[in-house]
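Inspection log for the structure reproduced underneath, given as structure tokens.
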Amino acid sequence: SQTIHQWPATLVQPVGSPLSLECTVEGTSNPNLYWYRQAAGRGLQLLFYSVGIGQISSEVPQNLSASRPQDRQFILSSKKLLLSDSGFYLCAWAELAPNEQFFGPGTRLTVL
Amino acid sequence: TQLLEQSPQFLSIQEGENLTVYCNSSSVFSSLQWYRQEPGEGPVLLVTVVTGGEVKKLKRLTFQFGDARKDSSLHITAAQTGDTGLYLCAWNWANQGGKLIFGQGTELSVKP
């Protein structure tokens, strides 16, 4: 069966510090991968998606970047965090569009 | 400007009551999904609707897709406390890696 992992679960970082959030998927090959951010229990905002290794599509110009160094690994990064980067970050995968997306447990990021 | 408008944003009802939440857009959906999210977790897919006029039932939940594929509704019969959560509609863009564009969600609280 397929599983998706995200870490860390929670993170508190000072403004201006770097960020690296990792997402890995097991039990599937060549999945589509997605990063979303959610503020205060509201709708999810799509940040990046990837349909293959090294292929990244950015949805919103911002302080973040994404990379996919391996087939089942998706990384969200920032060189310098802003207060507005605080939120709940969710990684998701799907086998084929427009099939169901499966979400990870999320990372709660607080920037102080 | 939100591509998807959900209403109401908040709903608090007593156990046993019925409720309906709505998802509207000025655009035509190719495929619409409904997800349910509990606090601190990722969303979980409830249903995918594709055909205009389609009605799908999932136990006490009934999902309708508008004839013109611009709107959808979720009706819950005899709500239970376990139905509490954030209900999200999402537009699945199959031709763009299956990315999801979410509405802002309806936060449902069912009181005993």
| residue A:110-residue B:67 FRET efficiency (beta carbon distance; Förster radius 45 Å; 0.05 resolution) | 0.50
| task | Could you tell me the distance between the Cα centroids of segment B:1-69 and segment B:92-107, to the nearest Å? | result | 12 Å
| query | Based on Cβ point charges of +1 for Lys and Arg and -1 for Asp and Glu, what charge dipole magnitude is obtained for the protein assembly as shown about its Cα centre, in debye rounded to the nearest 20? | reply | 220 debye
| said: Give me P(r) over segment A:1-54, computed from all C-alpha to C-alpha distances, binned every 10 Å, as integer percentages. | reply: 17, 46, 32, 6
| field | Residue among B:30, B:72, B:12 with the largest mean-square fluctuation in a Gaussian network model of chain B, springs linking Cα atoms under 10 Å | value | B:12
| task | List the lysines whose Cα lies under 29 Å from the Cα of residue B:56, skipping any in the same chain that are fewer than 8 positions away. | result | B:70, B:99, B:111
| task | Determine ³J(HN,Hα), in whole Hz, for all residues of segment A:83-95 in sequence, where each value follows from phi through the Karplus function 6.51 cos²θ - 1.76 cosθ + 1.60 and θ = phi - 60°; x replaces Gly and Pro. | result | 4, 5, 7, 4, x, 9, 9, 10, 9, 9, 9, 8, 6
| So what does log10 I(q)/I(0) come out to for chain B at q = 0.11, 0.16 Å⁻¹, using the Debye formula with one equal point on every Cα and no solvent? | -0.32, -0.68
| Quick one: buried accessible area between A and B, total over both chains, 1.4 angstrom probe, nearest 100 Å²? | 1700 Å²
| query | Got a sec? What order do A:107, B:20 fall in by accessible area at 1.4 Å, biggest, i.e. largest, first? | reply | B:20, A:107
| task | Please work out the C-alpha center-to-center distance from segment A:1-57 to segment A:98-112 and express it in whole Å. | result | 6 Å
| Residue mean of other protein chain beta carbons inside 10 Å, A:42-52 | 5
| query | Carbon and sulfur atoms: what percent of the 1.4 Å accessible area of the protein assembly as shown do they account for? | reply | 52 percent
| On average, how many beta carbons from a partner chain sit within 10 Å of the beta carbon of a residue in B:36-48? | 5
| field | Within 10 Å of each Cβ in B:88-99, the average number of Cβ atoms from other chains | value | 6
| query | Averaged per residue, what accessible surface does segment A:5-112 expose to a 1.4 Å probe, in Å²? | reply | 45 Å²
| Antiparallel content of DSSP bridges confined to segment A:3-111, in %, to 5 | 90 percent
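The values are calculated or read from the model by the stated rules, or taken from the named source; none is laboratory data. Here the structure is a predicted model, which means the values were calculated and not measured. For neighbour counting, all protein chains shown are included, and Cβ atoms are generated from backbone atoms with ideal geometry for every residue, glycine included. Quick note on the areas: whole protein, heavy atoms, side chains included, nothing else; ligands and nucleic acids left out. Shrake-Rupley method; radii C 1.70, N 1.55, O 1.52, S 1.80 Å.
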